[in-house]
Amino acid sequence: MRGDDITILIDNSSGVPLYEQIIRQIREQFIDGTLAPGTQLHSIRHLAQQLQVSVITTKRAYEELEREGIIRTIAGKGTFLSDSPPDNAKQSYRAEVLDALKTTARQAKILGMTAAEFTALAKNAYEEEHR
(Lines give C-alpha, C1' and ligand atoms only; values in the text may rest on other atoms or scores of the structure.)
Protein backbone atom coordinates (compact mmCIF):
# COMPACT_ATOMS: atom_id res chain seq x y z
CA MET A 1 0.00 0.00 0.00
CA ARG A 2 1.29 3.47 -0.85
CA GLY A 3 0.49 6.92 0.47
CA ASP A 4 -1.74 7.48 -2.56
CA ASP A 5 -4.54 5.88 -0.53
CA ILE A 6 -4.44 8.69 2.03
CA THR A 7 -6.97 11.46 1.74
CA ILE A 8 -6.09 14.67 3.51
CA LEU A 9 -8.28 17.72 3.16
CA ILE A 10 -6.87 21.06 4.26
CA ASP A 11 -9.20 23.85 5.36
CA ASN A 12 -7.29 27.13 5.41
CA SER A 13 -10.21 28.93 7.07
CA SER A 14 -10.81 26.49 9.95
CA GLY A 15 -8.55 28.15 12.51
CA VAL A 16 -6.91 24.76 13.20
CA PRO A 17 -3.20 24.86 12.31
CA LEU A 18 -2.45 23.04 9.07
CA TYR A 19 0.03 20.63 10.67
CA GLU A 20 -2.65 19.64 13.22
CA GLN A 21 -5.14 18.99 10.41
CA ILE A 22 -2.61 16.64 8.79
CA ILE A 23 -1.87 14.89 12.10
CA ARG A 24 -5.54 14.40 12.95
CA GLN A 25 -6.47 13.04 9.55
CA ILE A 26 -3.58 10.56 9.33
CA ARG A 27 -4.15 9.48 12.95
CA GLU A 28 -7.89 9.07 12.38
CA GLN A 29 -7.50 7.06 9.18
CA PHE A 30 -4.96 4.79 10.86
CA ILE A 31 -7.00 4.23 14.02
CA ASP A 32 -10.26 3.58 12.13
CA GLY A 33 -8.56 1.12 9.77
CA THR A 34 -8.88 3.18 6.58
CA LEU A 35 -5.09 3.04 6.35
CA ALA A 36 -3.42 -0.30 6.87
CA PRO A 37 -0.42 -0.78 9.14
CA GLY A 38 2.81 -0.47 7.21
CA THR A 39 1.37 1.86 4.57
CA GLN A 40 4.13 3.94 3.04
CA LEU A 41 3.46 7.65 3.27
CA HIS A 42 4.51 10.30 0.79
CA SER A 43 7.78 12.08 1.42
CA ILE A 44 7.56 15.33 3.35
CA ARG A 45 8.24 17.33 0.18
CA HIS A 46 5.76 15.42 -1.95
CA LEU A 47 2.99 15.75 0.65
CA ALA A 48 3.71 19.48 1.02
CA GLN A 49 3.45 19.91 -2.73
CA GLN A 50 0.27 17.82 -2.95
CA LEU A 51 -1.44 19.76 -0.14
CA GLN A 52 0.01 23.09 -1.25
CA VAL A 53 1.50 23.78 2.18
CA SER A 54 5.05 24.48 3.29
CA VAL A 55 7.59 21.72 3.80
CA ILE A 56 7.93 22.98 7.39
CA THR A 57 4.23 22.24 7.95
CA THR A 58 4.43 18.63 6.76
CA LYS A 59 7.76 18.12 8.55
CA ARG A 60 6.18 19.27 11.82
CA ALA A 61 3.21 16.94 11.30
CA TYR A 62 5.46 13.95 10.57
CA GLU A 63 7.67 14.71 13.57
CA GLU A 64 4.64 14.76 15.89
CA LEU A 65 3.23 11.57 14.36
CA GLU A 66 6.61 9.90 14.86
CA ARG A 67 6.70 11.07 18.51
CA GLU A 68 3.24 9.52 18.98
CA GLY A 69 4.47 6.25 17.48
CA ILE A 70 2.04 6.40 14.57
CA ILE A 71 4.72 6.55 11.89
CA ARG A 72 8.33 5.46 11.61
CA THR A 73 10.99 6.63 9.20
CA ILE A 74 13.48 4.18 7.75
CA ALA A 75 16.56 5.87 6.30
CA GLY A 76 16.76 5.39 2.56
CA LYS A 77 13.35 3.71 2.36
CA GLY A 78 10.75 6.22 3.48
CA THR A 79 8.10 6.86 6.10
CA PHE A 80 5.61 4.17 7.05
CA LEU A 81 2.65 3.74 9.36
CA SER A 82 3.51 1.64 12.41
CA ASP A 83 2.46 -1.98 12.75
CA SER A 84 -0.54 -0.97 14.88
CA PRO A 85 -1.92 2.24 16.34
CA PRO A 86 -0.21 2.86 19.69
CA ASP A 87 -2.39 3.14 22.78
CA ASN A 88 -1.31 6.74 23.36
CA ALA A 89 -2.61 7.69 19.89
CA LYS A 90 -5.98 6.20 20.73
CA GLN A 91 -5.96 7.97 24.10
CA SER A 92 -5.05 11.26 22.44
CA TYR A 93 -7.88 10.86 19.94
CA ARG A 94 -10.26 9.88 22.74
CA ALA A 95 -9.27 13.05 24.63
CA GLU A 96 -10.13 15.12 21.55
CA VAL A 97 -13.55 13.44 21.38
CA LEU A 98 -14.12 14.15 25.07
CA ASP A 99 -13.18 17.82 24.63
CA ALA A 100 -15.59 18.13 21.71
CA LEU A 101 -18.34 16.48 23.75
CA LYS A 102 -17.75 18.85 26.66
CA THR A 103 -18.00 21.86 24.36
CA THR A 104 -21.18 20.50 22.81
CA ALA A 105 -22.63 19.68 26.24
CA ARG A 106 -22.03 23.30 27.35
CA GLN A 107 -23.86 24.51 24.25
CA ALA A 108 -26.73 22.11 24.89
CA LYS A 109 -26.98 23.33 28.47
CA ILE A 110 -27.14 26.95 27.28
CA LEU A 111 -30.05 25.92 25.05
CA GLY A 112 -31.77 24.36 28.05
CA MET A 113 -31.53 20.77 26.83
CA THR A 114 -31.89 18.04 29.39
CA ALA A 115 -29.27 15.32 29.75
CA ALA A 116 -31.70 12.88 28.13
CA GLU A 117 -32.24 15.19 25.15
CA PHE A 118 -28.49 15.69 24.78
CA THR A 119 -27.84 11.96 25.00
CA ALA A 120 -30.51 11.23 22.38
CA LEU A 121 -29.06 13.89 20.10
CA ALA A 122 -25.54 12.47 20.52
CA LYS A 123 -26.82 8.95 19.86
CA ASN A 124 -28.58 10.06 16.67
CA ALA A 125 -25.45 11.86 15.45
CA TYR A 126 -23.34 8.77 16.16
CA GLU A 127 -25.74 6.47 14.34
CA GLU A 128 -25.97 8.88 11.41
CA GLU A 129 -22.16 8.77 11.05
CA HIS A 130 -22.19 4.96 10.98
CA ARG A 131 -24.71 4.46 8.21
*Determine whether G33 is among the small types (G, A, S), at pLDDT below 90 and part of a loop (DSSP other than H, G, I, E, B).*
yes
*Would it be correct to say that R131 is without any contact (Cβ under 8 Å) to a residue 40 or more places away in the chain, assigned to a loop (DSSP other than H, G, I, E, B) and closer than 25 Å to Q29 by Cβ?*
yes
*Can you tell which of A105, A125, A89 is in contact (Cβ under 8 Å) with a residue 24 or more places away in the chain and either closer than 11 Å to I31 by Cβ or of a type in the set (G, A, S) (or both)?*
A89
*asked:* Anything in region 95-123 that is among the polar types (S, T, N, Q) and open to solvent by 90 Å² or more (accessible area, probe 1.4 Å)? List them, or say none.
replied: Q107
_Test for T114: is it over 17 Å from the mean Cα position of the chain (by Cα), more than 23 Å from D11 (Cα to Cα) and either modelled with pLDDT of 95 or more or not charged (D, E, K, R) (or both)_ = yes
*Within region 59-72, is there a residue that is open to solvent by 60 Å² or more (accessible area, probe 1.4 Å) and part of a loop (DSSP other than H, G, I, E, B)?*
no
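The values are calculated or read from the model by the stated rules, or taken from the named source; none is laboratory data. Predicted, not measured: the structure shown is a model, and the values here were computed from it. Quick reminder, even Gly has a Cβ in these numbers, built from the backbone with ideal geometry, and neighbours come from all protein chains shown. The protein model used for the area step is the full one, side chains on, heavy atoms only, and it has no ligands, DNA or RNA in it. Shrake-Rupley method; radii C 1.70, N 1.55, O 1.52, S 1.80 Å.
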